[in-house]
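Undergrad: Can you read through this structure? Questions will come right after.
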Amino acid sequence: MTVLILGGTGEARALASALDAAAIPILSSLAGRVQRPRLPVGSTRIGGFGGPDGLAAFLTERGIHAVVDATHPFAERISASAAAATAAAGVPLLRLERPGWTAGDGDRWIWVDDLDGAARAVAESGAERVFVTSGRQGLAAFAGLADPWFLIRCVDPPDVALPAHHELRLDRGPYTEPGEGEIFDDHRIDLLVTKDSGGPLTAAKLTAARERQVPVVVVRRPPRPAVETAATVPEAVAWVRGLASTG
Ligand code: NAP
C-alpha cells in the first residue's frame, strides 16, 4: 500500500520517517511555499494538485491507498481539499493534528479569530514594540498600523505590504527559550502575536512572554472538516498499520 502524506510540518516528516522505517511505501507532498523546504525521508512531490478534483484524480492515477493530512493547523484549503478528494475517490483519510497550546499560570493571552482580529488587538493594546510570529502569509493585516514598531519573523521574505516601522528577521526555528528571551530583551518587546500552532518547536516564545509578563495575542485555529483525527505520530502509524492489516 502507498500512503500519501500531505506535509509541511515536523509531524509529517516524523510520520514519513516512522512509516519508511516500517517499510510502508510513502509519498510526501509539499506545497512548495518555502524556498528551501526541509524534506522528509522517502519519495517527495512538490506543488498543488489543482484543487479537490485534481487531488482526487491524483489519488486514483497513482494508486494511493490512504492519505494522512499532516498539514499545518492553519492550512485550511488543502485540508478541505483532502476531505473532499478522499471522499470522492473512496480513499481512507486521517488528519494528523498536534493539539493547540493552552494558557498556564502567568500567561496573559488575548484570543482572536483571525489576523485582522490580531491587528485590531495590537492597536487596542497600545503596545509599542510588537513581535509578530504569525508567518509570512497574512502579514498585510498589520500594514495599516502606523504607530507600533514591529519585529516580524518568518521563513522567507514577505511579498506583501508591511507596517511603516518594522524589522524583518528571517529564521525558521526550532527556537530555544534563551534565544527567544534574548529577542524579547534586546528589542524590548511588549506584545507577542502568534497563531495557535501548537507543538514544542515554536513554544519557547510563549515561555519568554510569560516570564516577562508580556501579553500574547493568539489567533484561534480555523474550523476543520470533520474527519478521523490523530494527535500524535504513533497514533497515525497505528492507523496506517490497521489499514494494512485489514486491507
Ligand atoms: P493552504 O492555504 O491550505 O493551501 C493552499 C494551496 O496550496 C492548496 O489549495 C494546495 O493547492 C496547495 N497545498 C497546500 N499544502 C499542500 C501540500 N502539502 N501538498 C500539495 N499542495 C499543497 O495552505 P498554506 O497555509 O498556504 O500552507 C502551505 C503549506 O505550508 C502546507 O503544506 C502547510 O502544511 C505548510 N505550513 C503552513 C503554515 C501556515 O501557517 N499556514 C505554517 C507552517 C507550514 P491545490 O489546491 O492546487 O492542490
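Undergrad: Of everything in the stretch 135-164, what is assigned to a loop (DSSP other than H, G, I, E, B), more than 18 Å from the chain's Cα centre (by Cα) and surrounded by 14 or more Cβ atoms within 10 Å (Cβ to Cβ)? Give them in sequence order.
TA: Taking the stretch 135-164 as the starting set, the residues that turn out to be assigned to a loop (DSSP other than H, G, I, E, B) are 135-138, 143-148, 155-164.
The next check asks that each one be more than 18 Å from the chain's Cα centre (by Cα); those that pass are 143-148, 159-164.
Answer for the stretch 135-164, where residues must be assigned to a loop (DSSP other than H, G, I, E, B), more than 18 Å from the chain's Cα centre (by Cα) and surrounded by 14 or more Cβ atoms within 10 Å (Cβ to Cβ): Ala143, Leu145, Pro148, Leu162, Pro163.
Undergrad: Test of understanding: among Ala209, Ala164, Ala238, which residue is small (Gly, Ala, Ser), free of Cβ contacts under 8 Å to residues at least 24 places away in the same chain and closer than 22 Å to Asp147 by Cα?
TA: Values: Ala209 fails: free of Cβ contacts under 8 Å to residues at least 24 places away in the same chain; Ala238 fails: closer than 22 Å to Asp147 by Cα.
Unique residue meeting the criteria: Ala164.
Undergrad: Filter the stretch 1-32 for residues that are touching a residue at least 60 places away in the same chain (Cβ under 8 Å) and not hydrophobic (A, V, I, L, M, F, W, C); which is surrounded by the most Cβ atoms within 10 Å (Cβ to Cβ)?
TA: Let us first name the residues in the stretch 1-32 that are touching a residue at least 60 places away in the same chain (Cβ under 8 Å), namely 1-12, 14-15, 18-19, 22, 24.
In the following step, the residues that additionally are not hydrophobic (A, V, I, L, M, F, W, C) were identified as 2, 7-11.
Values: Thr2: 14, Gly7: 27, Gly8: 23, Thr9: 23, Gly10: 20, Glu11: 25.
Of everything passing the filter in the stretch 1-32, Gly7 is surrounded by the most Cβ atoms within 10 Å (Cβ to Cβ).
Undergrad: Suppose we filter Val91, Val112 for residues that are within 16 Å of the ligand (Cβ to nearest atom), more than 24 Å from Val217 (Cα to Cα) and either charged (D, E, K, R) or touching a residue at least 12 places away in the same chain (Cβ under 8 Å) (or both); which single one remains? First the steps, then the outcome.
TA: Numbers: Val112 fails: more than 24 Å from Val217 (Cα to Cα).
Testing whether each residue is within 16 Å of the ligand (Cβ to nearest atom), more than 24 Å from Val217 (Cα to Cα) and either charged (D, E, K, R) or touching a residue at least 12 places away in the same chain (Cβ under 8 Å) (or both) leaves just Val91.
Undergrad: Say we look at the stretch 16-49 and pick out the residues that are part of a strand (DSSP E or B) and in contact with a Leu (Cβ under 7 Å, 6 or more places away or on another chain); which of these is nearest to the ligand (Cβ to nearest atom)? Lay out the reasoning, then the answer.
TA: Of all residues in the stretch 16-49, those part of a strand (DSSP E or B) come to 26-30, 43-46.
Next, from what is left, pick out any that are in contact with a Leu (Cβ under 7 Å, 6 or more places away or on another chain): 26-27, 29, 43-46.
Details: Ile26: 13, Leu27: 10, Ser29: 4, Ser43: 13, Thr44: 10, Arg45: 8, Ile46: 7 Å.
Residue satisfying both the conditions and the ranking: Ser29.
Undergrad: Looking only at the stretch 73-94, how many residues end up being β-branched (Val, Ile, Thr) and part of a helix (DSSP H, G or I)?
TA: Of all residues in the stretch 73-94, those β-branched (Val, Ile, Thr) come to 78, 86, 91.
Then drop every residue that is not part of a helix (DSSP H, G or I), which leaves 78, 86.
Within the stretch 73-94, residues that are β-branched (Val, Ile, Thr) and part of a helix (DSSP H, G or I) number 2.
Undergrad: Identify the residue in the stretch 1-15 that is under 20 Å from the mean Cα position of the chain (by Cα) and under 22 Å from Ala84 (Cα atoms) and, among all such residues, is nearest to the ligand (Cβ to nearest atom). Steps first, answer last, please.
TA: At the first step, the residues of the stretch 1-15 found to be under 20 Å from the mean Cα position of the chain (by Cα) are 4-15.
If we keep only those that are under 22 Å from Ala84 (Cα atoms) as well, we get 4-9, 12.
Values: Leu4: 9, Ile5: 8, Leu6: 4, Gly7: 5, Gly8: 3, Thr9: 5, Ala12: 7 Å.
Checked the stretch 1-15; the qualifying residue nearest to the ligand (Cβ to nearest atom) is Gly8.
Undergrad: Continuing with this model, one more query. Is it the case, given these coordinates, that Ala75 is over 17 Å from the mean Cα position of the chain (by Cα), at negative phi and not polar (S, T, N, Q)? Before you say what the answer is, go through the steps one by one.
TA: Working: over 17 Å from the mean Cα position of the chain (by Cα): no; at negative phi: yes; not polar (S, T, N, Q): yes.
Here the answer is no, as Ala75 does not meet what is asked.
Undergrad: Looking at the structure I just gave you, is Val155 within 30 Å of Asp190 (Cβ to Cβ) and within 16 Å of the ligand (Cβ to nearest atom)? Explain how you work it out, then say what you get.
TA: Values: within 30 Å of Asp190 (Cβ to Cβ): yes; within 16 Å of the ligand (Cβ to nearest atom): yes.
Yes, satisfied.
Undergrad: What number of residues within the stretch 188-206 satisfy the criterion of being surrounded by fewer than 16 Cβ atoms within 10 Å (Cβ to Cβ) and modelled with pLDDT of 95 or more? Before you say what the answer is, go through the steps one by one.
TA: First, the residues of the stretch 188-206 that are surrounded by fewer than 16 Cβ atoms within 10 Å (Cβ to Cβ): 188, 200-201.
With the extra rule that they be modelled with pLDDT of 95 or more, the set shrinks to 188.
Adding up the residues that qualify gives 1.
The values are calculated or read from the model by the stated rules, or taken from the named source; none is laboratory data. Quick caveat: nothing in here was measured; it's all calculated off a predicted structure. So basically every Cβ, Gly included, is an ideal-geometry build from the backbone, and we count neighbours across all protein chains shown.
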